[in-house]
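Visitor: First the structure, which I've put down as structure tokens, then a few questions once you've had a look.
Each reported figure results from applying straightforward, stated rules to the coordinates on display, with no laboratory input. This is a predicted model, so every value here is computed, not measured. Because the Cβ atoms are built from the backbone with ideal geometry, glycine has one as well, and the counts that use them run over all protein chains shown.
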Amino acid sequence: MTPDWSPHPRYRLYTRPVSYAAALKSLLPGAVRRTETTARLEEEICLRHGARAALCVPMARTGLYLALREMIRPGQMVIMSPLTVVDVVNMVLLAGGVPVFADILRQSCGIDPAEVDSLIDHRTGAVLITHLHGESADAHLLRGICRARGVPLIEDAAQAFGAVENGRRLGTIGELGIYSLGVYKNINAWRGGVLVSPDAALIDKIRRRMDRWPELPARRLLGAALRGLLTDLATWPPFFASFTYGVVRYGYLHDIRAINRRLDPEYGAMRLSTIPSDYLGRMTGTLAELAIGQLDRIDADTEARIRRAARYHEGLAGLDALITPRRREKRAHIYTSYPIQHPRRNALLRYALARGRDFAAQHLRNCADLPEFNEYYRDCPNARAASRELILLPTYPCYPMQEVERNIRIIRDFVRSEGPSELAEN
């Protein structure tokens, strides 16, 4: 079979030349003042998302930490999905909470509402849901459960900025929502995040706590931008096709740990005993200005991803052993990537890479199984299976539709043949 070489990588950053100009401008005297520009970003988010109050925070995970400090008492339980980044669990612990892992639904990868309902008791301080891959985790259903039980609902919408459920933007359905403006998100301000809530008093309390912190140093913004520039160059299609892809492909097919770990965002993640000082610098006006400039394109980018996802839905339908996401309407899934699950994930990835495709494993762990959190262990078989089987297919707006078609063809070939024996998993 002739390899179907692709010059298009598994992801590209949502950057433009202005992204780098903003980082350089932050080093100049008279850089954008925080109090003016972050307030404008907060106002824009409230206006566009129908939120009563908003607050810029240095990182989404820091925002979660700050919110939990105000919303729960030390020792209270926080019911949450185990299929998340390690640092989300860290923030719960550092805020004084006790993580209680509730299993997920396989198709959506969202927390199982029935499990949440069964786990709530007098010790529960909050329920934290994650809108993974841009898909709503049944926020209205979970809000109903939480309100009936007198427990606040927190929405981790870090991967779902701009998604909508029942006419409401994700993040604005519960008592508090969290957005990320980080490097790999669909609104990329290099760093930062935003909290939204219908409770203005809660936001004011968090603001007063955070305002005692120093502003994020310009050198950290510049460092993030430099790392972004390297990523942009490595994934620039001509360079990717001629160099980067060969390195990535060789590393995976030959199990070169030094290469593969650089593509794993969770490599080296660990349990923390204290919150890092790097998490505590206030968001700058430069970052807020950069985010404001991207708000108008969010919905157009979403529509572009939905078109690619629609083709994946059609092209991958009816394949045995392959789990594809639910088809959702009216932007209830914004497809920051298109997640599929297959029990022979490694074999499928090796098969695809050997034939010139570039898509990747989802590197989230099942935190309920991690030894770092063994005292909070809970059997979550769906999360365990998903953490071993999830693959993310590219959907970013400039990803060519012909590449989508090639991905579909390779996946269908693999599933129908059950994978050639020489590429089977060990």
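Visitor: Grab the Cα-Cα distance for residue 270 and residue 207, subtract it from 0.36 nm times how many residues apart they are, and report the gain in nm with one decimal.
Guide: Details: separation 63, 0.36 × 63 = 22.68 nm, distance 2.81 nm.
Result for the pair: 19.9 nm of gain on full extension.
Visitor: Which percent, to the nearest 5, of DSSP beta bridges fully inside the chain are antiparallel? Walk me through the intermediate numbers first.
Guide: On the way: 22 of 39 bridges.
Counting DSSP beta bridges with both partners in the chain, the antiparallel share is about 55 percent.
Visitor: Mind pulling the angle between the C-alpha long axis of helix 60-71 and the longest principal axis of the chain? Nearest 10 degrees, somewhere in 0 to 90.
Guide: 40 degrees
Visitor: Only bridges with both residues in the stretch 17-210 count here: give the DSSP antiparallel percent, nearest 5. Present the calculation step by step, with values, prior to reporting the outcome.
Guide: Values: 12 of 28 bridges.
Taking every DSSP beta bridge with both residues in the stretch 17-210, the antiparallel ones total about 45 percent.
Visitor: If you don't mind, another one. Could you check how many percent of all C-alpha pairs in the stretch 17-210 are farther apart than 30 Å? Show your work: numbers first, answer last.
Guide: Values: 3266 of 18721 pairs.
In whole percent, the share of Cα-Cα pairs in the stretch 17-210 beyond 30 Å is 17.
Visitor: Let me ask another. Working from Cα positions, state the angle (0 to 90°, nearest 10) between the long axis of helix 200-210 and the longest principal axis of the chain.
Guide: Here the helix axis deviates by roughly 80 degrees.
Visitor: Remind me, relative contact order of the chain in percent, using alpha carbon pairs under 8 angstrom and six or more residues apart?
Guide: It comes to 24 percent, rounded to a whole number.
Visitor: Something else now. What is the helix-to-structure angle for 34-49, meaning the angle in degrees between its Cα long axis and the longest Cα principal axis of the chain, kept from 0 to 90 and rounded to the nearest 10?
Guide: Approximately 70 degrees, to the nearest ten.
Visitor: Report the label-to-label distance for residue 24 and residue 149 in nanometres (one decimal), using points 7 Å from each Cα along the Cα→Cβ vector.
Guide: Inter-label distance under the simple model: 5.3 nm.
Visitor: Continuing with this model, one more query. How much length is gained on full extension from residue 379 to residue 122, taking 0.36 nm per residue of separation minus their Cα-Cα distance? Can you show the working numbers first?
Guide: Numbers: separation 257, 0.36 × 257 = 92.52 nm, distance 2.18 nm.
So the extension gain works out to 90.3 nm.
Visitor: What three numbers, in Å, describe the spread of the alpha carbons of the stretch 311-393 along their principal axes, ordered from the longest?
Guide: The principal-axis extents, from largest down, are 43, 37, 23 Å.
Visitor: Check cross-link reach from residue 25 to the lysines: straight Cα distance under 30 Å, and skip same-chain residues fewer than eight apart.
Guide: Qualifying lysines at Cα under 30 Å: 185.
Visitor: Any idea how far the Cα center of the stretch 40-107 sits from the one of the stretch 321-353, in Å?
Guide: 26 Å
Visitor: Another question, if that's okay. Pick from 156, 112, 413 the residue whose mean-square fluctuation is largest in a GNM of the chain, springs joining Cα atoms under 10 Å.
Guide: 413
Visitor: Net charge near residue 205: determine it from the other residues with C-beta under 15 Å of the C-beta of residue 205, scoring Lys and Arg +1 and Asp and Glu -1. If you can, show how the numbers build up before the last one.
Guide: Numbers: positive: 52, 69, 73, 207, 208, 209, 212; negative: 70, 175, 199, 204, 211.
Cβ neighbours under 15 Å give a net charge of +2.
Visitor: Ok, one more. Could you compute the FRET efficiency for residue 303 and residue 402, with r as their C-beta to C-beta distance and R0 at 22 Å, rounded to 0.05? List each step's numbers first, then the result.
Guide: On the way: r = 19 Å, r/R0 = 0.86.
The pair residue 303/residue 402 has a calculated efficiency of 0.70.
Visitor: Another question about this same structure. Any idea how far apart residue 141 and residue 233 come out in nm if each label point goes 7 Å out from Cα toward Cβ?
Guide: It works out to 4.8 nm between the two label points.
Visitor: Still on this model: I want to check the label-to-label distance for residue 310 and residue 329. Put each point 7 Å from Cα in the C-beta direction and report it in nm to one decimal.
Guide: About 1.4 nm separates the two model spin labels.
Visitor: Tell me, what is the percent relative contact order of the stretch 93-229, built from C-alpha pairs under 8 Å that lie six or more residues apart? Don't skip to the answer; put the middle values down first.
Guide: Details: 208 pairs, mean separation 20.0, N = 137.
Reported relative contact order: 15 percent.
Visitor: Working from the alpha-carbon coordinates of the stretch 220-298, get Rg over Rh, Rh being the Kirkwood radius. Numbers along the way, then the final one.
Guide: On the way: Rg = 17.0 Å, Rh = 15.9 Å.
Looking at the stretch 220-298, the ratio lands at 1.07.
Visitor: While we're on this one: For the stretch 133-210 and the stretch 370-404, what is the separation of their C-alpha centers, rounded to whole Å?
Guide: Centre-to-centre (Cα) distance: 21 Å.
Visitor: For the chain, what is the convex hull volume of its Cα atoms per residue in Å³? Before the final figure, lay out the partial values.
Guide: Details: hull volume 58.3 nm³, N = 426.
Considering the Cα atoms of the chain, their hull volume per residue is 137 Å³.
Visitor: Let me ask something else. What does the highest-first list of 356-366, 208-218, 53-63 look like by mean Cβ count within 10 Å? If you can, show how the numbers build up before the last one.
Guide: Numbers: 356-366: 21.3, 208-218: 13.5, 53-63: 25.6.
Descending packing order for the listed peptides: 53-63, 356-366, 208-218.
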